[in-house]
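Student: Pasting a structure below so you can have a look.
The values are calculated or read from the model by the stated rules, or taken from the named source; none is laboratory data. Owing to the predicted nature of the structure, the values given are computational and were not obtained by experimental measurement. With ideal geometry, Cβ positions are generated from the backbone for all residues, glycine too; neighbour counts draw on all protein chains shown.
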């Protein structure tokens, strides 16, 4: 079981709620994923569509909410969004995202650290989205982050764990859970992160934009479980030279 | 008649009304909306007792899908 800030999760697959074709498809896919934690964003109400409300399909008794600060370009904006999320009844957990550059959506490390310090002081459980920088992961952990969320590749790119080398160092050093977030584009990517020892993965785009989001959610659930089981079972070491699987002896009769 | 700024748009109200009354007139469930009035977050119990006056700046925010 995964524990973050004293809360336990059976599923190590966290899911996002963006980009689905309809609230009903999202609801079915999230249920199929087995995920217990879902991310949500905050935006102005569209006054032309007052009934357009994601909450009507998300059962808060079933899903634990992790509001994000997506769209924030600096620490002050992120803190404002986190406080709005809390006032919306989103609880005191926050996925901290500070992404000043809309082209790359890469997180600003300095503003992320500043916002983490401020939000921890204000009593939030902070899960910062971060570049896969092992030094930054330690700094965020020391600042009181409840988990760290290094990116596999930029948000929405479906490129997989391009940061494998750095993520491995982060996992090795971390005292808080490591959730690989962003860029996980296929179940094999999720399994790879879990085999490396990540505590969980967060997937949104790959499920939401799949031809069949419900079946893709099931595929991710299996991959996350398989990857975790493989990690716990202990993978064999990688080698550079071949090592036969069949016995090398007992072949004299071929050569006599 | 008063004018307020609601989600960036100027809006005329027949009379001064509470935040709760405004949400009802917009067809919004107050349980799913968070309100920022002149830059300060209102707690939900205050919706009924907070009057909107001329020039008030209001942000109505809610959860949407996101990753």
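Student: Residues of the stretch B:10-34 being facing chain A (nearest Cβ under 8 Å) and either in contact with a helix residue (DSSP H, G or I) (Cβ under 9 Å, 6 or more places away or on another chain) or part of a strand (DSSP E or B) (or both), which ones?
Tutor: Here is the first cut: in the stretch B:10-34, the residues facing chain A (nearest Cβ under 8 Å) are B:26-29, B:31-34.
Scanning the stretch B:10-34 gives B:28, B:29, B:31, B:32, B:33, B:34.
Student: Residues of the stretch B:3-37 being in contact (Cβ under 8 Å) with a residue 40 or more places away in the chain, surrounded by fewer than 17 Cβ atoms within 10 Å (Cβ to Cβ) and over 15 Å from residue A:44 (Cα atoms), which ones?
Tutor: Selection gives B:3 alone.
Student: What about residue A:115, is it in a helix (DSSP H, G or I), modelled with pLDDT of 95 or more, within 12 Å of chain B (Cβ to nearest Cβ) and touching a helix residue (DSSP H, G or I) at 6+ places or on another chain (Cβ under 6 Å)?
Tutor: Working: in a helix (DSSP H, G or I): yes; modelled with pLDDT of 95 or more: yes; within 12 Å of chain B (Cβ to nearest Cβ): no; touching a helix residue (DSSP H, G or I) at 6+ places or on another chain (Cβ under 6 Å): yes.
No, not satisfied.
Student: Okay, moving on. Please determine, by comparing only the residues of the stretch B:38-67 that are free of Cβ contacts under 8 Å to residues at least 12 places away in the same chain, within 11 Å of chain A (Cβ to nearest Cβ) and within 30 Å of residue A:23 (Cβ to Cβ), which one is surrounded by the fewest Cβ atoms within 10 Å (Cβ to Cβ).
Tutor: That would be B:43.
Condition check ((1) within 12 Å of chain B (Cβ to nearest Cβ); (2) assigned to a loop (DSSP other than H, G, I, E, B); (3) under 28 Å from residue A:185 (Cβ atoms)) across all residues:
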site	(1), (2), (3)
A:19	yes, yes, yes
A:30	yes, no, yes
A:41	yes, no, yes
A:46	yes, yes, no
A:62	no, yes, yes
A:70	yes, yes, yes
A:107	no, yes, yes
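Student: Oh, and also: Return only the number of the condition from (1) modelled with pLDDT of 95 or more; (2) under 21 Å from residue A:207 (Cβ atoms); (3) surrounded by fewer than 24 Cβ atoms within 10 Å (Cβ to Cβ) that residue A:150 does not satisfy.
Tutor: It is condition (3) that residue A:150 fails.
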